[in-house]
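*Asks:* Let me give you the structure first, and then I'll get to my questions.
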Amino acid sequence: IAIQGEPAEGYVLGGHSLTPEAVTVEGPEQVLAQIDHAAAVYDVSGATSSVNTVLDYTLVNEAGDPIDMTFITLEQPTVDFELQVHQSGEIPLTVDIVPYGYITDDMIDCHIEPESIRISGDPEVVSTTNQINLGSISIRQLLEDNVTELTMPIILPNGVTTDSEYSYATITISFKNLRQMVVNTTSEQFADISPYTYAETGLSLVFMGTDEELSLLTAEDVLITPVYNPDNLEVGENTVSVTVSTGDRQVTLIGSYT
């Protein structure tokens, strides 16, 4: 089949098929000997949806000239033609940022590479796809793992494909006007846990915040409280997690402590 023309802007051609793939004809031997193939033509100009239609065909010789059909009988004078027409578009990649503590979305720069990919597929799907979401990124997890770059798979919606070389996206996170600071505490910052006592004499805690908030933060602002169930304690030393509060200071604790 010869497909002529171009689909509408923003659309691309997919696969096509003819049924049957071959036709049976009858006629004089000397006429049949001239036949090279059966030719059909379809014009896709301006197409915005897939095609399912019936086409006539012409018997032609090796040079592509029509054969005299006077003495030829066609067992099936038409063929069924199916053509996929896909919508195509450049779709941005996005991620969801899960804030942590006082670290909010507006304090974070997120760069995705690639920023977008070109997809094509069922127009009903592509026309309603305005982004491809890669998933969620936990700021807490990034800080605890001490990483600012990670990769995430690009998962396409059902019914679309891409010719992009990328199957994964690289996400780089940076923090705007934020820094980290270590605060060394002493046993004075530990909550009272009578009748128990502490083995530690202090903890070194890492906080993140703005220069303004960190400049106001001192060890005296910190209260460290163990989290435990007395029924689960054994005689001797026990390791338990702690919660850390900083009063009115709008800073975020980085990491877990015991």
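The values are calculated or read from the model by the stated rules, or taken from the named source; none is laboratory data. All figures in this text were calculated on a predicted structure; none of them were measured in a lab. Glycine gets a Cβ as well: all are built from the backbone with ideal geometry, and neighbour counts include every protein chain shown. Just the protein is used for accessible areas: all its heavy atoms, side chains included, with ligands, DNA and RNA removed. Shrake-Rupley method; radii C 1.70, N 1.55, O 1.52, S 1.80 Å.
*Asks:* Consider the range 46-65. How many of its residues are open to solvent by 40 Å² or more (accessible area, probe 1.4 Å), of a type in the set (V, I, T) and out of contact with any helix residue (DSSP H, G or I) (no Cβ under 9 Å at 6 or more places or on another chain)?
*Replies:* Residues flagged as open to solvent by 40 Å² or more (accessible area, probe 1.4 Å), of a type in the set (V, I, T) and out of contact with any helix residue (DSSP H, G or I) (no Cβ under 9 Å at 6 or more places or on another chain) within the range 46-65 amount to 3.
*Asks:* Across the range 191-209, what is the number of residues that are closer than 27 Å to L142 by Cα and either in contact (Cβ under 8 Å) with a residue 40 or more places away in the chain or open to solvent by less than 30 Å² (accessible area, probe 1.4 Å) (or both)?
*Replies:* At the first step, the residues of the range 191-209 found to be closer than 27 Å to L142 by Cα are 202-209.
Of the ones still in play, those that are also either in contact (Cβ under 8 Å) with a residue 40 or more places away in the chain or open to solvent by less than 30 Å² (accessible area, probe 1.4 Å) (or both) are 202-203, 205-209.
Residues that pass the stated criteria total 7.
*Asks:* Going by what's in this entry, would Y196 be described as part of a loop (DSSP other than H, G, I, E, B) and under 41 Å from the mean Cα position of the chain (by Cα)? If you could, list the steps in order and put the result at the bottom.
*Replies:* Values: part of a loop (DSSP other than H, G, I, E, B): yes; under 41 Å from the mean Cα position of the chain (by Cα): no.
No: the conditions fail for Y196.
*Asks:* Out of the range 133-190, which residues are assigned to a loop (DSSP other than H, G, I, E, B), free of Cβ contacts under 8 Å to residues at least 40 places away in the same chain and closer than 23 Å to L253 by Cα? So that I can check it myself, show each step before the final result.
*Replies:* Filtering the range 133-190 for residues assigned to a loop (DSSP other than H, G, I, E, B) gives 146-148, 154-159, 163-167, 176-178, 185-186.
Filter once more, keeping what is free of Cβ contacts under 8 Å to residues at least 40 places away in the same chain: 146-148, 155-159, 165, 167, 185-186.
Result: N146, V147, T148, T185, T186.
*Asks:* Quick check on my filter: what residues within the range 17-29 are outside any loop (DSSP other than H, G, I, E, B) and out of contact with any Ser or Thr (no Cβ under 6 Å at 6 or more places or on another chain)?
*Replies:* Initially, the range 17-29 is screened for residues outside any loop (DSSP other than H, G, I, E, B), giving 17-19, 25-26, 29.
Scanning the range 17-29 gives S17, L18, T19, V25, E29.
*Asks:* What is the residue count in the range 77-93 for residues that are farther than 16 Å from V51 by Cα, touching a residue at least 24 places away in the same chain (Cβ under 8 Å) and open to solvent by 70 Å² or more (accessible area, probe 1.4 Å)?
*Replies:* Counting residues in the range 77-93 that are farther than 16 Å from V51 by Cα, touching a residue at least 24 places away in the same chain (Cβ under 8 Å) and open to solvent by 70 Å² or more (accessible area, probe 1.4 Å) gives 1.
Let's see how each residue does on (1) more than 30 Å from R118 (Cβ to Cβ); (2) surrounded by 12 or more Cβ atoms within 10 Å (Cβ to Cβ); (3) of a type in the set (G, A, S):
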site	(1), (2), (3)
V147	no, no, no
L150	no, yes, no
Y166	no, yes, no
T172	no, yes, no
Q180	yes, yes, no
A219	yes, yes, yes
N238	yes, yes, no
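*Asks:* Out of all the residues in the range 240-256, which are open to solvent by 50 Å² or more (accessible area, probe 1.4 Å) and either assigned to a helix (DSSP H, G or I) or under 29 Å from K176 (Cβ atoms) (or both)?
*Replies:* Filtering the range 240-256 for residues open to solvent by 50 Å² or more (accessible area, probe 1.4 Å) gives 241, 243, 245, 247-250, 256.
Once the filter is applied, which keeps residues that are open to solvent by 50 Å² or more (accessible area, probe 1.4 Å) and either assigned to a helix (DSSP H, G or I) or under 29 Å from K176 (Cβ atoms) (or both), the range 240-256 yields T243, S245, G247, D248, R249, Q250, S256.
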